[in-house]
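Rule-based calculations on the coordinates, nothing more; no lab input. All values derive from a computational prediction rather than experimental measurement. Cβ coordinates were reconstructed from backbone atoms using ideal geometry, including for glycine residues, and neighbour counts include every protein chain displayed.
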Amino acid sequence: MWRKFKYLMSGYANYKLVLAWLILGTPIFALIVMVQPLVLKYVFDIIDHGSGELPQSLRFLQDIVAGYGLSPTAGAAVILVMFAAAILVIYLVLQNSRAWMNVRLEWFYRQRAFNASTEMGPDFFNHFRTGDLVTRMTDDVAEKLSWFACSGIFRFYEALCLVVFGLILMFGLNVKLTLYSVLPMPVLVIIFIKTATLLDKRFERLQGKISDLNSSMESCFSGIRVITAYNRRNLWSKKFAGIIGDRRKYEISVVRAWAGIESLYMYIWQFGFVIVLIIGGAMVIKNSVSIGELIAFTNYVVWLIFPMFDIGQFLVKGRQSAVSIGRLMEIEDFPPMVRNGNHKPMDIKFGVIKFDNVSFAYDRDGRKVLDSVDFTVKKGQTVALVGKVGSGKSSIIHLLTRVADPSEGMVYLDNVPLKELPLDSYRDIIGFVPQEPILFSDTIEGNIRFGDKSIDGDRVNQVIRLAQLDSQMERFPQGIKTMIGTRGLTISGGEKQRVAIARALVRNPQILILDDCTSALDARTEERLWDALHEVMPEMTCFVVTHRTKTLRLADKILLFDEGKVIDRGTHDELMTRSAAYQELYSRSELQEQVGAA
């Protein structure tokens, strides 16, 4: 619970002045509100008896209005209006401060969760579905946490101040009536204790159902082409209806429980109001209390009804927010596959990359996808990684880009373990094109720059030519300013690959990693691409996962993988001479290219 409280308060680190104002301004507001019924008593005492007295601390107000020659009744009315104006002004400032803070906290918690998730490795995204992560960063943050973190807490704080100040002043007026009015309080405490666990379970189940719904939508929209092609729209419609029906059922369950508990808090406290009216009325008839005292007392009870509502809401929302904080903390608590060993930026220049007895498993107790891999790559070499599907090629790419670290062994850059290099500095020297080019809903230029405004236009145009994208630019109505859809759905596969290659080249990488990313390029275009790369960047080291025969013949070194091990290595000619496995793989690739060309 203490960890959750620290998480909750972490959002105020940059807003200490606002926090101080809310802490100090809230009790000031509550005190003025609770003194107002005493002013009301003063007004009715003047009306009823022709005279009355304010508390000692407020009698200076009587002196001020008396100086203007006002009658006692008019003076009392002016004081009452002054209190009402003060309450309105402070209330508006407090409300605006809370609303302002709610928005800042929503941004902070969402950004914190997003930053944590982007530092994770592939195992994290296997554990958390995309829809579930979206739910945690939207519904959990916006609907459940951000309002509670400021407005919920400080409305509760305000309610406590109102209750404490109110009870103190009520006891000062009439002890007997005060005791009668607080009779419902023990009942409210019992209700909270009995319902806390029930609420926790319902809130947790509901958030799970919201995650299921978002995951279903994400899967459907991502695979809409497949769903349409296989005519499975009705099936997915029924599936979606079932998921949203489950969510509706749990939403109703939560709302029923919440409404019931809030109603109990609000209406049980109103019994105190009824008691005051009955007993207080009898006391007025017996002349044991004045009309002014009874009106003041009923005002106190009315003022305390809504604080009791806020206290009940705080207890309900608090349980709900605790569940959401727990779900956000699960993101941060997930053990990252990579840790930044050095946060100090440094200029990295490299000559040799070495894999030293490297083994790797995605699940810490699972099957090894790499087993005792050793190889060395010199600066400027082009290395081809080949092998069957699942042989470990993509895992080598994960280790090179440091989205994961070896389970055993070490990867070195000029005899320095990659783990000891600052992540940002190391990744700045890498250009990476994944197997499935991921583009964003932006212009072609925006996808190539990828947020780096320091890159000039000449460099963008240069890498467009290098990536062999210039021949396609006439197809785009606005050139490099043309918007492309999410994931590049509005352009062809070959164009997506060329944009992704241009994005990898635009920052002059020292290491270029191409994960089977030229599959949608024709042989002639790929040949021109390699000729351009070797001409413009002769010292760039390149790792390429490919079965394209032209690329294999150009490679300085070929690593042949099978079941997570390097079973052979050498040039194309060397492997064709001695490796039956490589000969079979090469012959199959050559045949596929001939069939494709035909």
Report task. Would you work out the charge dipole size for segment 352-415 about its Cα centre, treating the Cβ of every Lys and Arg as +1 and the Cβ of every Asp and Glu as -1, and quote it to the nearest 20 debye? Result -> 280 debye
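Averaging over all projection directions, find the projected area of the Cα convex hull of segment 2-333 and quote it in nm² with one decimal place. Write out the running numbers ahead of the final one.
Working: hull surface 87.3 nm².
Convex hull of Cα atoms, orientation-averaged projection: 21.8 nm².
As an exercise, take the mean of 1/r over every pair of distinct alpha carbons in segment 314-445, invert it, and state the Kirkwood radius in angstroms.
Values: mean 1/r = 0.0568 Å⁻¹.
Taking every pair of different Cα atoms in segment 314-445, averaging 1/r and inverting gives 17.6 Å.
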Requested in this report: With a/c under 1.5 counting as rounded, go ahead and sort segment 407-521 into rounded, prolate or oblate using the C-alpha gyration tensor (a ≥ b ≥ c being the square roots of the eigenvalues; past the cut-off, prolate if a/b is larger than b/c, else oblate).
Outcome: prolate
Query raised in the report: Label points 7 Å out from Cα along the Cβ direction at residue 127 and residue 524: separation in nm?
Result: 5.1 nm
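Roughly how many debye, to the nearest 20, is the charge dipole of segment 2-333 about its Cα centre, given +1 on each Lys and Arg Cβ, -1 on each Asp and Glu Cβ, and no other charges?
Once rounded to the nearest 20, the dipole reads 1220 debye.
Please state, rounded to one decimal and in Å, the Kirkwood hydrodynamic radius that segment 386-444 gives when every pair of distinct Cα atoms enters the mean of 1/r. Could the numbers behind the result be given before it?
Values: mean 1/r = 0.0738 Å⁻¹.
Hydrodynamic radius (Kirkwood, Cα only) of segment 386-444 equals 13.6 Å.
Out of every Cα-Cα pair in the chain, what percent are more than 33 Å apart? It would help to have the intermediate numbers written out before the result.
Numbers: 110979 of 178503 pairs.
Tail fraction, whole percent: 62.
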Query - Assigned charges on the beta-carbon of Lys, Arg, Asp, Glu; the chain dipole about Cα centre (debye) - result: 1240 debye
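Quick one: compute the contact order of segment 445-509, relative version, from alpha carbon pairs under 8 angstrom and 6+ residues apart, as a percent. Mind showing how you got there, number by number?
Values: 47 pairs, mean separation 34.6, N = 65.
Relative contact order comes out at 53 percent.
Round to the nearest 0.05 the FRET efficiency obtained for residue 352 and residue 578 when R0 = 22 Å and r is the Cβ-Cβ distance.
Details: r = 26 Å, r/R0 = 1.17.
Given R0 = 22 Å and the Cβ-Cβ separation, E is 0.30.
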Query raised in the report: When the label point is put 7 Å from the Cα of residue 339 along its Cα-to-beta-carbon vector, which residues of segment 385-406 have a backbone N closer than 18 Å?
Result: 402-406
**Report entry** Pairwise Cα inverse-distance average, inverted: Kirkwood Rh of segment 352-597 (Å)
**Finding:** 18.8 Å
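Provide the net charge surrounding residue 114, with neighbours chosen by a C-beta distance below 12 Å and charges set as Lys +1, Arg +1, Asp -1, Glu -1. Walk me through the numbers before you get to the answer.
Details: positive: 110, 112, 136; negative: 119, 332.
Spelling it out: positives minus negatives among the neighbours equals +1.
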Query raised in the report: Between residue 205 and residue 91, 0.36 nm times their residue separation minus their Cα-Cα distance comes to what?
Result: 37.4 nm
Query raised in the report: Using the C-alpha atoms of segment 266-316, what convex hull volume per residue, in cubic angstrom, is computed?
Result: 51 Å³
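How high is the relative contact order of the chain? Use alpha-carbon pairs under 8 Å, at least six apart in sequence, and give a whole percent. If you can, show how the numbers build up before the last one.
Details: 804 pairs, mean separation 83.3, N = 598.
Relative CO of the chain lands at 14 percent.
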Query raised in the report: Between residue 6 and residue 228, what length comes free when the chain is fully extended (0.36 nm per residue of separation minus the Cα-Cα distance, one decimal in nm)?
Result: 75.1 nm
Report summary line: Taking placed amide H atoms and a strict 5 Å upper bound, the residues 5 or more places from residue 429 or on another chain that come that close are none
Query raised in the report: For segment 75-153, what is the largest minus smallest coordinate of the Cα atoms on each principal axis, given in angstrom and ordered from greatest to least?
Result: 73, 17, 14
